[in-house]
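What follows is a single structure, written as structure tokens, with notes after it.
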Amino acid sequence: MEPSLLDTDILAEIFKLRNQSVAAKAAAYLQQHGQFDISAITRFEVVRGLRHKRAAKSLTRFESMCARMLVVGQFELIFSRNIGVSIRSTISSIFHVRLTSPAATAGVVPRVW
């Protein structure tokens, strides 16, 4: 399974924990890659939706999930798309680090809070 940037709909299905097939695929993905990667836009959309619904417990749970994810900013997405290289390999080569866990990304890719 290749590393993927999850969109809002997929992340919402994972977050809901309702579909067994989605849960199984998410668990397998985490086993292989150690974390989910999402865009700053996806994070914004989920937070906006949870705030609109006044879902404080869900918002807290989502923020906890985000602490264990790589949240990729818009600049990184544009850069990666325009020159045709992966975000991870670009950051890894520039900073000489291996991006495999949230701890490894601390200080390398800004988290969006």
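Just so it is clear, none of the values below were taken in a lab; they were calculated from the coordinates. All figures in this text were calculated on a predicted structure; none of them were measured in a lab. Methodologically, a virtual Cβ is constructed for each residue, glycine included, from the backbone with ideal geometry; neighbour enumeration extends over all protein chains shown.
Details
- Approximating the spin labels as points 7 Å out from Cα along Cα→Cβ, the PHE44-to-LYS16 distance works out to 2.4 nm.
- Inter-label distance, nm, simple model (7 Å from Cα along the C-beta direction), SER58/GLU2: 3.1
- Straight Cα distances below 17 angstrom link LYS25 to the lysines LYS16, with same-chain residues fewer than 8 positions distant left out.
- Extension gain from ALA24 to ASP9, taking 0.36 nm per residue of separation minus the Cα-Cα distance: 3.7 nm
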